[in-house]
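What follows is a set of notes on a single structure, which appears directly below.
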Amino acid sequence: MAEIRVAREAGACYGVERALAMVESAAEERSCAVHTLGPLIHNPRVVADLEARGVTVVGSPEEAAGDALLLRTHGTAPDEERRARELCARVLDATCPFVKKVHLAAERLSAEGYQVVVVGEAGHPEVEATLPHAPGAVVVGSPEEALALPHARRVGVVVQTTARRALLAEVVGALLGTAEEVRVVNTICEATAGHQAAADELAREADVMVVIGGRISANTTRLAEISAARCPRTHHVEGADELRAEWFEGAGLIGITAGASTPSSQIEAVRERIARIVGA
């Protein structure tokens, strides 16, 4: 009989749990319509559940004028937040506290005269919300991109909270060869690093790995990449309904991990579905 094991660190992080608690409270109060500025978290199923309860996604503060607006976990540009507070009846800041640290670090480095480099994924909502906190900041997603930057004497580095530590080390190594001074503020979230280490650990032993979370979630995608590097039979799903019986044929150990935007209820649903499939 197959063993099903959940990674020692998996699923919703503190920032996500905090945001979900905030939106639940706002939805229950029903004092006015409730919206989120962009998807609250990168989990389409959670977002769909919220919408079914009347919590809708808007693309700008103007669309929520007069109503309640939650600022997403990935952060908000200062101008957007200012407009939200001017236009909306109520603004709830669900920005992850660890993302706030990135903003503060970028502001501080910029004020001290550093050319700010944000190590991360260009276009990601967290990165896009960080850039306005340091005018002139640039995004770097690889050591090659770092080497291609115009020369800057003093470079200050912050990191997308869900980035890999290996990427940070590679980019910093490249910058050290071009700048006279490189100051690094490691803003990778501890939960992210823990999730990645636990996934790597479990994938080394597992015959099959199941990674749960939104396909648009950067941290979940990285968990899938890490798992696949150790366990070729890795499958990324958003929910239990996507599981296929043939995936688990001949498996002795089935590992499960989940991204930081995945509630425990979704993990348990997947575990129970796998148990039914394999008869565990």
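The values are calculated or read from the model by the stated rules, or taken from the named source; none is laboratory data. Because the structure is predicted, anything quoted here is derived from the model rather than measured. Note that we place each Cβ from the backbone using ideal geometry, even for glycine, and neighbour counts take in every protein chain shown. Protein only, heavy atoms only, side chains kept; ligands, DNA and RNA dropped before computing areas. Shrake-Rupley method; radii C 1.70, N 1.55, O 1.52, S 1.80 Å.
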### Query
Out of the residues in region 160-177 that are touching a Leu at 6+ places or on another chain (Cβ under 9 Å) and among the hydrophobic types (A, V, I, L, M, F, W, C), which is surrounded by the fewest Cβ atoms within 10 Å (Cβ to Cβ)?
A174
### Summary
Only unsatisfied item for L92, checking (1) open to solvent by 40 Å² or more (accessible area, probe 1.4 Å); (2) of a type outside the set (D, E, K, R); (3) in contact with a Leu (Cβ under 6 Å, 6 or more places away or on another chain), is (1)
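Quick check on region 236-254: of everything there that is in contact with an Asp or Glu (Cβ under 8 Å, 6 or more places away or on another chain) and surrounded by 17 or more Cβ atoms within 10 Å (Cβ to Cβ), which residue is nearest to G11 (Cα to Cα)? Spell out how you get there, then give the answer.
Kept after step one, since they are in contact with an Asp or Glu (Cβ under 8 Å, 6 or more places away or on another chain), are these residues of region 236-254: 240, 250-254.
Then keep just the ones that are surrounded by 17 or more Cβ atoms within 10 Å (Cβ to Cβ); that gives 240, 251, 254.
Values: A240: 15, A251: 23, I254: 17 Å.
So, considering only residues that are in contact with an Asp or Glu (Cβ under 8 Å, 6 or more places away or on another chain) and surrounded by 17 or more Cβ atoms within 10 Å (Cβ to Cβ), the one nearest to G11 (Cα to Cα) is A240.
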### Message
One residue is enough: does region 150-159 have a residue meeting the conditions open to solvent by 10 Å² or more (accessible area, probe 1.4 Å), of a type in the set (D, E, K, R) and over 24 Å from V16 (Cβ atoms)?
### Response
yes
### Extreme residue, nearest to G214 (Cα to Cα), among residues of region 43-61 that are open to solvent by 20 Å² or more (accessible area, probe 1.4 Å) and touching a Pro at 6+ places or on another chain (Cβ under 8 Å)
V47
#### Entry: Complete set of residues in region 211-245 that are over 15 Å from V6 (Cα atoms), among the aliphatic types (A, V, I, L, M) and either in a helix (DSSP H, G or I) or under 11 Å from the mean Cα position of the chain (by Cα) (or both)
I216, A218, I226, A228, A229, A245
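Check every one of the strands (runs of 3 or more DSSP E) wholly within region 10-111 and list those with 3 or more residues that are in contact (Cβ under 8 Å) with a residue 24 or more places away in the chain.
Of the strands (runs of 3 or more DSSP E) lying wholly inside region 10-111, those with at least 3 residues that are in contact (Cβ under 8 Å) with a residue 24 or more places away in the chain span 34-37, 68-71.
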### Message
For region 9-67, give me each residue that is of a type in the set (D, E) and under 21 Å from the mean Cα position of the chain (by Cα).
### Response
E9, E17, E24, D49, E51
### Task
Any residue in region 190-215 that's on the phi > 0 side of the Ramachandran plot: show its pairings with residues that are crowded, with 19+ Cβ neighbours inside 10 Å and β-branched (V, I, T) at Cβ separation under 7 Å, as long as the two are six or more apart or on different chains.
G213/T220; G213/T262
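Sort through E205, E190, E272 and tell me the only one that's closer than 21 Å to R45 by Cβ, of a type outside the set (F, W, Y) and open to solvent by 10 Å² or more (accessible area, probe 1.4 Å). Before you say what the answer is, go through the steps one by one.
Working: E205 fails: closer than 21 Å to R45 by Cβ; E190 fails: closer than 21 Å to R45 by Cβ.
E272 is the lone residue from the list that is closer than 21 Å to R45 by Cβ, of a type outside the set (F, W, Y) and open to solvent by 10 Å² or more (accessible area, probe 1.4 Å).
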### Message
Scan region 124-140 and tell me whether some residue there is in contact (Cβ under 8 Å) with a residue 12 or more places away in the chain, surrounded by fewer than 16 Cβ atoms within 10 Å (Cβ to Cβ), out of contact with any strand residue (DSSP E or B) (no Cβ under 7 Å at 6 or more places or on another chain) and over 28 Å from D79 (Cβ atoms).
### Response
no
### Query
Given (1) over 27 Å from Q160 (Cβ atoms); (2) among the aliphatic types (A, V, I, L, M); (3) part of a helix (DSSP H, G or I), where does M1 come up short, assuming only one miss?
(3)
